[in-house]
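Take a look at the structure below.
Derivation of every value follows stated rules applied to the coordinates shown; laboratory data play no part. This is a predicted model, so every value here is computed, not measured. Neighbour counts are summed over all protein chains in view; Cβ atoms, including those assigned to glycine, are modelled from backbone coordinates with ideal geometry.
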Amino acid sequence: MSTDLDTQALPPAARSAKAREFNAIAAQARFALQGCTHCGTIQYPPREVCVNCLSDALKWRDVSSEGRLLAVTTLHHSNEPYFQARLPWRVGMVRFDCGPSAVVHVDADCIPDGRVRITLDLDASGQAVLTAHAIAPAGTVNSPSISSIPGAST
Amino acid sequence: MSRTRRDYAGVVATVPTTLPYVRFSPHSAHWWLGGVLRELIVGAGIAKTDIDGLCVSSFTLAPDTAVALTQHLGMSPRWLDHIPMGGASGVVALRRAARAVQAGDADVVACIAGDTNQPDSFRDTISAFSRFAQDAVYPYGAAGPNASFALLTAHYMRRTGAMREDFGKLCVAQRDNALRYPHALMKKPLSMDDYMQARPIADPIHLFDCVMPCAGADGYLVMTEDRARDLKLPFVRILSTIERHNAWSNDPIQMRGGWTVDVDELYGMAGVGPWDMDFVQAYDDYPVINMMQLEDLGFCGKGDGPDFVRANTFTVDGSFPFNTNGGQLSVGQAGAAGGYLGIVEAMRQLTGAAEGRQVADAEHGLVSGFGMINYDRGLCTAAAVLARGQA
């Protein structure tokens, strides 16, 4: 790995106004997604209107932060200096138990199809991001076969 | 309550044209689009003023649109369209233009797509590709489409048993085809060993699963068959077309595209089936999408893509001629022109103009398009069945 990597760089901070509302949720240590007060749909990414009924009566609703990891990849290339200095980097796709799918950062102990808990945290740019953490299935707590995936890193 | 769709009788596509691709270009998108329009006019033997319809696709034309391009290029069309559908743009332009000519809203439509490529333009394109990408994808590793397709590929492999070698077989065959296409940027043979030993980009995506961004432009004309005959231009007939956007939005992760909604209509309207196709030009931004198109367009069952790949050969002279100019994986991806690469190649194959890569006696061909990873999946799908015309 080269030595001139920019460790001072920050992760991408551009967000829409609706997405920035996530930052306040993260700062309150809550886990909430956009919910429609008209039809009850939970949606992600944040929108201006409900993806189902088109109502604009949307509120941040506290929901279960658990889901399933559908797929995971380890990045060996990035277009941003912040991540270039931190490769390899794991990201994945989760499906929340409450419905929507999301792209997330992925902890090293997560495996595809495994149950995960997703946290909402502020990253180095002060922007809210989602991270998946493994939930060990009953009877396999601290299983070494799960916790020692070679090459995995966040 | 479905109505029968009108056919495209009397309307043809002609003059497939490519402005040769380059890795990087100091010129703007306007230069590429103006250049391919110039070549279309020369190729057809008509005047710029004969073109009264214009259809444009480009990612790097901003802040301009097709409107600004009319003034930049000194045109006064009576029909104008701007199609921001990425890899579906070529087929969608064809179906829009064909209806305009058929209805008499325009006589000659120039369909053009082109982009420049400068060292920072690819990052600029992907970091602000869409609102959802900016809000909910780019902050997670900033890997652009490589990450999105890595997730789709990883999921597809676990569900179907596809191996890296299966994707490699398609990539190797396409490179073989590209060696016969003078405009391909990749000039060296690719072996399975090369493919397997390439450096990882985003597991399971490795270097040769990725297209190389480049600059270039492609275009074609749509006009009446009578006009094409008057101009003595070889042409292709349009037997059927489909498009679909944001299909299967409740699928947790993309395993199928919108083609599956419309595939029966595609072949029903064409009056021919998948096995009547003499070649397929699929949209190959990543090999997993090739596999998905083979399934969704009826060449094999859902999830049977890997077996289909193992049972066939995909070179120009193979059992299933596929992406016969090498596709984007070996030609390069010139932005929105990537959505035109299959259609101009299909037109060349069906007019006997494919030179050293001609598929023998090609009568029918399928062109498929796929575009726009707005968030977690490609939203635009399109396909067309084309047939050889007689000049």
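An ellipsoid equivalent to region A:17-147, defined through the eigenvalues of its Cα gyration tensor, has semi-axes of 27, 19, 13 Å when rounded to whole angstrom and sorted largest first. Local charge sum around B:TYR138 (other residues, Cβ-Cβ under 13 Å, Lys/Arg +1, Asp/Glu -1)? With Lys, Arg at +1 and Asp, Glu at -1, the net is -2.
Mean separation of Cα pairs under 8 Å and 6 or more residues apart, divided by the residue count, gives chain B a relative contact order of 27 percent. Put the Cα centre of region B:272-307 next to the Cα centre of region B:174-211 and the gap is 20 Å. Count Lys and Arg as plus one, Asp and Glu as minus one, and take only other residues whose Cβ is under 14 Å from that of B:ALA128; the net charge is then -1. Using every Cα-Cα pair within region B:61-115, state what percent have a distance larger than 13 Å. Roughly 61 percent, once rounded to a whole number. All other residues whose Cβ lies under 13 angstrom from that of A:SER64 are scored, Lys and Arg at +1 and Asp and Glu at -1, for a net of +3. Under a model in which nothing but the beta-carbon of Lys, Arg (+1) and Asp, Glu (-1) is charged, chain B shows a dipole of about 260 debye around its Cα centre. Which trypsin sites (Lys or Arg not before Pro) does region B:285-391 hold that lie in a coil by DSSP with at most 15 other beta carbons within 10 Å? Here the sparse-neighbourhood loop sites are B:LYS302.
Contact order, relative form, for region A:17-147: 22 percent (alpha carbon pairs under 8 Å, 6 or more residues apart, mean separation divided by residue count).
Calculated mean residue ellipticity, 222 nm, the protein assembly as shown: -8500 deg cm²/dmol, from DSSP H runs (n ≥ 4) at -39500 (n - 2.57) each, averaged per residue and rounded to 500. Derived scalar couplings between HN and Hα for region B:211-216 equal 7, 9, x, 8, 10, x Hz in order, rounded to whole Hz, by the Karplus curve 6.51 cos²θ - 1.76 cosθ + 1.60 (θ = phi - 60°), x for Gly and Pro.
Orientation-averaged projection of the protein assembly as shown equals 26.2 nm² [convex hull of Cα atoms, one quarter of hull surface area]. Rounded to the nearest whole angstrom, the semi-axes of the ellipsoid equivalent to region B:252-298, taken from the Cα gyration tensor as √(5λ), stand at 20, 14, 7, largest first.
Once the cut-off is 33 Å, how many percent of the Cα-Cα pairs in chain B end up in the long-distance tail? Tail fraction, whole percent: 24. With both residues required to sit in region A:9-147, DSSP beta bridges show an antiparallel share near 95%. When chain B is treated as a Gaussian network with alpha carbon springs shorter than 10 Å, the biggest mean-square fluctuation among B:TYR340, B:TYR140, B:TYR195 belongs to B:TYR140.
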